[in-house]
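The values are calculated or read from the model by the stated rules, or taken from the named source; none is laboratory data. Note that the structure is predicted; figures quoted are calculated from it, not measured. Please note: Cβ atoms are built from the backbone with ideal geometry, for glycine as well, and neighbour counts cover all protein chains shown. Heads up: the accessible areas ignore ligands, DNA and RNA and are worked out on the full protein's heavy atoms, side chains in. Shrake-Rupley method; radii C 1.70, N 1.55, O 1.52, S 1.80 Å.
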Amino acid sequence: EKIIVKDLAEKLDKNPNEIIGKLVQLGIMAAINQEIDFETAELIAEEYGIEVSLKESEEEKVEDPEELLDFEIEEDDPKDLEFRSPVISVMGHVDHGKTTLLDAIRKTKHVDTEAGGITQHIGASEIAINDQKIVFLDTPGHEAFTSMRARGAKATDIAILVVAADDGVMPQTIEAINHARAAEIPMIVAINKIDKPGANADRVKQELTEHNVVIEDWGGDVIAVEVSAIEGSGIDQLLETILLVAEMEELKANPNRKALGIVVEANLDKGRGAVATVLVKNGTLNIGDNVVVGLASGKVRAMINDSGKRLKKAGPATAVEITGLSEVPKAGDKLIVVDDEKMARNIAAKRQSKVKLDKVKSDKRVSLEDLYDRMKEGELKELNIIVKADVQGSVEAVKQSLSKLTNEEVVIKPIHGGVGAITETDVMLASASNAIIIGFNVRPTSSATAIAKKEEVDLRTYRIIYQAIEDIENAMEGMLDPEF
Ligand code: GDP
């Protein structure tokens, strides 16, 4: 349900410019003849103490509260945009040195190291090289990365893929590659543990090629840097590479607008109440700003950075720990700044009541059941699939057979495949990428089943490859047998 700004103004008996002003406060740039959605119109009307309703509410429309007021889509005037620093996630197989690498980077290049500042763990770190800033998210691994993405948050600009030179490409390396790829962010490979006697960087590059990550000196476009997180070698080069890739990405933001941010982590502190680390994505966050963060609202009381320094304002690509929220938000929740306290409280209350009424339904999730209808409506042009199987040969066989089902209407796209049980991480990737999961001779772990249910991810297991193919084939033709 949509309404044109002009019509809304007329209905509310207000000047359209006033309405546009209110929309700007909500972070929505709309012109007079532009359509806005009903929920937004409702909020504006509420501002004036007016209750609005849809005339012929054929069926009640259910909204995901996270989708309500999604501010990330709105655009800045290009002339207001300035370069901003990159935000980095470190991914890779367990024990390949992600944590050690992050520590090494923090130790050598932390902004306030020389000033004798004490580093604080707030969930993100800022480092400086050649007077340029890089922000690292402190939780290594693709699980954190993907669970934030599943909640609609795009915090990371570039992924560092850590591969131990003595171990090579391992299952979680492949997962990390697929997770970064699904997020459509560039990757830089850090070939770690180069100090070890068994280190073989060439073998790592060779193995990466097998997964379509082709390193520059092999004719590809992915940069690899050899490092030793323990000895500290290659770190400068890695950081310079990050700046180089960031430059190519042309990361921009408008520092002169109300802040939009993403929660990186949050907890309840005995003395300080709800504490959240927020990565400012756009705009500038100030002390005293009225904010809505997920289901919480509040006024920013204090902000500290990862050096423990108190800040009055935080511009784009700055991670700050804030206090002053009514409750603890979740990682991945979005922060928006609104005009006044009342509006902040209203939006949060509205979101909470939606959750309480358990109206949350993510009807956008793809499933084989409604595949056909959505294809016909032209809503779905790509079907993302995750394949898990008991042996690598089956993974490849299923991926290939399914890819071949691609027709003019829908592209069947395997975004990840692996050997072993269907895990939580698989489900989160499916959720983040709107994919379905096909298991062949494997089962989901109990936590994966629970999360799949919660996230409404379509997860199917088969004993025979042919049946999996047949199901998808039938689904594409709208002839899927109902599930029992
Ligand atoms: P994570 O699981 O990827 O975070 O890996 P860790 O950072 O915990 O590292 C796993 C192990 O590898 C630890 O014992 C580290 O000391 C060791 N390690 C990490 N980086 C290096 C390195 O560059 N060289 C050597 N020799 N060992 C390393």
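Numbers at a glance
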| read-out | value |
| --- | --- |
| Cα gyration tensor shape for the chain, rounded if a/c is under 1.5, else prolate or oblate | oblate |
| Carbon plus sulfur fraction of accessible area for the chain, probe 1.4 Å, in percent | 48 |
| Estimated distance in nm for a label pair at Glu210 and Asn267, the labels positioned 7 Å out from Cα along Cα-to-Cβ | 4.0 |
| Simple label model, 7 Å out from Cα along Cβ direction - Val24 to Lys154, nm | 2.5 |
| Of the DSSP H helices in the chain, those whose Cα atoms cover at least 30 Å axially and whose Kyte score averages -1.0 or more | none |
| Two-site label geometry, Asn441 and Asp339: point separation in nm, points 7 Å out along Cα→Cβ | 6.4 |
| Helix-only mean residue ellipticity at 222 nm for the chain, each DSSP H run of n ≥ 4 adding -39500 (n - 2.57), per residue, nearest 500 | -9500 deg cm²/dmol |
| Ratio Rg/Rh, restricted to the range 95-243 and using Cα atoms, in which Rh is the Kirkwood radius | 0.96 |
| FRET efficiency estimate (nearest 0.05) - Cβ-Cβ, Gln392 to Lys313, R0 51 angstrom | 0.45 |
| Length added when fully stretched, Asn474-Glu231, from 0.36 nm per residue minus Cα-Cα | 81.8 nm |
| Linear extension gain, Asp7 paired with Ala450, 0.36 nm per residue minus alpha-carbon span | 155.0 nm |
| Selection of GluC sites (Glu not before Pro), the range 405-441, meeting DSSP coil and at most 14 other Cβ within 10 Å | Glu408, Glu409 |
| DSSP-loop GluC sites (Glu not before Pro) across the range 223-309, with at most 14 other Cβ within 10 angstrom | Glu231, Glu250 |
| Average Cα contact separation per residue, the chain, under 8 Å, 6 or more apart, as relative contact order % | 13 |
| Residue list for the range 224-266, given a label point 7 angstrom along the Cα-to-Cβ vector of Asp76 and an amide N cut-off under 11 Å | 251-260 |
| Accessible area in square angstrom per residue, the chain, 1.4 angstrom probe | 47 |
